[in-house]
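Before anything else, here's the structure in question.
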Amino acid sequence: MHYHITPYNPAAHLFKVKCFVDNPAIDGQEFSLPAWIPGSYLVRDFAKNIVWIKATSNGEPVRFDKIDKSSWKAEACTGPLELEYEVYAWDLSVRSAHLDQNHGYFNGTSVFVRVHGKENLPCSVEICSPINSVIGDWRVATTLTRAGAEEYCFGKYSAADYDDLIDHPVEMADYRMASFEVAGVRHEVVITGRHKADLDRVCADLKRICQTHVDFFGQLPKMEKYLFQIMVVGDGYGGLEHRSSTSLLVSRKDLPLIGDTKVNEDYQQFLGLCSHEYFHTWNVKRIKPEVFVPYKLQTESYTRQLWAFEGITSYYDDLGLLRSGCIEVQDYLTTLAQTMTRVWRGKGRFKQSVADSSFDAWTKFYRQDENAPNAIVSYYTKGSLIALALDLTMRKITANEKSLDDLMLMLWQRYGKAGIGVPEEAIEQHAEEIIGCELGAFFQKYLYGTDDLPLAELLLNVGVEFVLRPAESSKDKGGKASQKSYQNLQQRAELGVRTIADNGSLKIGTVFDDGSAIKAGLAAGDVLVAVDGLKVEGDNLETLLQQYKPGEQVDVHLFRRDELMLFTVELQSPAMDTIELRLNDDVDERVIANRKAWLQSQK
Ligand SMILES: [Zn+2]
């Protein structure tokens, strides 16, 4: 299989692609583009971005029919068969393709058709330089194997098969690059977009984090190099894992400037994202659900295990920052408490189990609407808390002899390294095997059921106090100690909604289950106009409500579509949904030793 791809018309965001098939299927060759990209569980129907497509053989047109939303069939010909098509690339995300005068980026899933029946054959790809003028001197950053191309240059690359071909996104731009070495493998950091980041510092921190994860699993999977492919924008966040690279979309403010020395919240978020995607190099790119071996990219692929692949990864991403020395224990506990706060703020956690959230990721988690906080739970956040609770439980039962670290190592040895998919429920069984005791009730309650995790009790064993309190304000993300007394916090009056600033006005984003607003009849999408006759504007709603106590009534004017409506709302007190974690050193030595083993563990 041979492909050609050219950033053909950057101004119009068009790649031109050619695919050459020497020996097409005798009864007509079928082709398709994936409907989804591994790591992002939403049907995106990438074929919709194919503007036109045609087939020829020896220069003569070949009849070419579309047979479903993502597939085509060429009429039988003796070959060779050549496809030519244009791909519209204007999705600035890590999941698709994007092209303009500044850069070109693509995932193979957006641009390379799968030649049915020939998925296991090696492929070659010629990445051609842009035809129209572009800004700067473009180079190529990808982990595709070079097959003639000079390093960082346009030219010939290759892939072992189709699965390999689509797992090495390509960035072409006048980017900045730096590198460091871990486990004898060069790790490159390539950044596109305007920024003045301190790349030396980024590399020094990433090196520590990568080393921590390599030490955790005992080895880096075999690869030529690893690539952090980063796009910097004014406001953006996202990452997608690949077998030897990750694509990241980050905000400019997330990167440290020269002279910065502290790890502020933004930079910590950036390091956490890098840590997360790097951990995926093992957990989900190699240790993967059985149903993903091989990936079936034409339609949804259902698994109840995403809590283990995203939740456990989310647990170790921040823990990795601590274990690598990038952040302090208190920073870690703050971050952990904020994750807990996010989970505790969604009543959907009582309606959907994490296992079901994983199964329904395609239609629920990835397609959240205004009712999501009431209806669903995140397999990332609650999944990471299940990982924490499982880790602390395993440590408690075995007096720190065994932990989640051992489970991950076992999964790597038995599945990841061996290239075998993990069957549904196998992870639970292996956890039991490691500690030599039943965990059925644990998983039934917290993974397949909707019980809140017993974190307060488990954290006591490591000398950490779990404190649940009302939020100080709508800006309170949890994790920080409140200066106000508990009684004081409870006196804050709330409407029971989440709001969104919308062009100077304030719109209701979500109306919370069982809250004051829903009882009074307010709805998501309503634009707040006035509270007791005083104008709502900007973010003054909380200031207006400060004059009231829970239980008092207010008149709320709002627009629903273009109709002015009036409601009387009885204000509520804030929910107990904000979590702080406090280190308690006034405990016996055994507890301090438990904490040390947990936070610093490195098998
Ligand atoms: Zn992830």
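The values are calculated or read from the model by the stated rules, or taken from the named source; none is laboratory data. None of the values given here were measured: they were computed from a predicted structure. Here Cβ is always computed from backbone atoms with ideal geometry, including for glycine, and neighbour counts include all displayed protein chains. Ligands, DNA and RNA are excluded from the accessible area calculation, which covers all protein heavy atoms including side chains. Shrake-Rupley method; radii C 1.70, N 1.55, O 1.52, S 1.80 Å.
With every protein chain kept in the model, how would you rank M576, M340 by accessible area, 1.4 Å probe, largest at the top?
Ranking M576, M340 by accessible area, largest first, yields M576, M340.
Accessible area per residue, 1.4 Å probe, Å², for the chain: what's the number?
About 42 Å² of surface per residue is accessible.
Counting Lys and Arg as +1 and Asp and Glu as -1, each charge on the Cβ, what is the dipole of the chain about the Cα centre in debye, to the nearest 20?
380
I've got another one for you. Could you order D452, D526, D27 by accessible surface area, starting with the largest, using a probe radius of 1.4 Å?
D27, D452, D526
Also: Below 12 angstrom from the Cβ of I500, what's the summed charge of the other residues (Lys, Arg +1; Asp, Glu -1)?
Overall, the nearby charge balance is -2.
Given G148, V111, Y162, which one lies farthest toward the positive end of the charge dipole of the chain, if we put +1 on the Cβ of every Lys and Arg and -1 on the Cβ of every Asp and Glu?
Result: G148.
Sort 108-119, 219-230 for me by packing, meaning the mean count of neighbouring Cβ atoms within 10 Å per residue, highest on top.
Result, highest mean Cβ count within 10 Å first: 108-119, 219-230.
Where does region 1-71 land on Rg(C-alpha)/(2.2 N^0.38 Å)?
Against the empirical 2.2 N^0.38 Å value, I get 1.25 for region 1-71.
Please compute the volume of the convex hull spanned by the alpha-carbon atoms of region 365-478 and report it per residue in Å³.
145
Using Cα centres only, tell me the gap between region 323-370 and region 61-77 in whole Å.
Result: 44 Å between the Cα centres.
While we're here: Determine, for region 194-311, the count of lysine pairs separated by eight or more sequence positions (or lying on different chains) whose alpha-carbon distance falls under 16 Å.
Counting lysine pairs in region 194-311 gives 7.
Size of the dipole of region 248-358 about the Cα centre, Lys and Arg at +1 and Asp and Glu at -1 on the beta carbon, nothing else charged, in debye to 20?
400
Still on this structure, I have one more. Net charge within 15 Å of L571 by Cβ-Cβ distance, Lys/Arg positive one each and Asp/Glu negative one each, not counting L571 itself?
In short, -4.
Return the inverse of the average 1/r over all pairs of distinct C-alpha atoms in region 281-322, which is the Kirkwood hydrodynamic radius, in Å to one decimal.
11.3
What percent of all Cα-Cα pairs in region 1-125 falls in each 5 Å bin, counting up from 0?
2, 11, 22, 23, 20, 13, 6, 2, 0
Counting only helical runs of four or more DSSP H residues, what would the 222 nm mean residue ellipticity of the chain come to if each run contributes -39,500 (n - 2.57) and the total is spread over all its residues?
Counting only the DSSP helices, I get -7500 deg cm²/dmol.
Name the lysines eligible as straight-distance cross-link partners of K54: C-alpha to C-alpha under 25 Å, and not fewer than 8 places from it in the same chain.
K16, K18, K66, K69, K73, K118, K156
What residue among Y316, Q269, C326 has its Cα farthest toward the positive end of the dipole of the chain, where the charges are +1 on Lys, Arg and -1 on Asp, Glu, each on the Cβ?
It is C326.
If we sort 369-380, 316-327 on the protection proxy, mean other Cβ atoms within 10 Å, highest first, what's the order?
So the peptides 369-380, 316-327, ranked by packing, come out 316-327, 369-380.
Hey, what does the equivalent ellipsoid look like for region 241-376, semi-axes from the Cα gyration tensor as sqrt of 5 times each eigenvalue, largest first, whole Å?
Whole-Å semi-axes of the equivalent ellipsoid: 28, 20, 14.
Please tell me the relative contact order of region 67-221 in percent, rounded to the nearest whole number, where contacts are Cα pairs under 8 Å and at least six residues apart.
Reported relative contact order: 19 percent.
Listed highest first by mean packing, meaning other Cβ atoms within 10 Å per residue, what order do 206-217, 491-502, 476-487 come in?
Final packing ranking: 206-217, 491-502, 476-487.
How large is the accessible surface of D562 in square angstrom, using a 1.4 angstrom probe and rounding to the nearest 10?
In the full protein context, D562 sits at about 120 Å².
On to the next question. Positive end of the charge dipole of region 369-435 (Lys, Arg +1 and Asp, Glu -1 on Cβ, about the Cα centre): tell me which of I434, I376, A399 has its Cα farthest that way.
The Cα lying farthest towards the positive end belongs to A399.
Let me spell out the model: positive unit charges on the Cβ of Lys and Arg, negative unit charges on the Cβ of Asp and Glu, origin at the Cα centre of region 1-142. What dipole size does that give, in debye rounded to 20?
300
Sticking with this structure for a sec: Working only with C-alpha atoms, what are the Rg and Dmax values of the chain, expressed in angstrom?
Reported Rg and Dmax, both Å: 26.3, 83.
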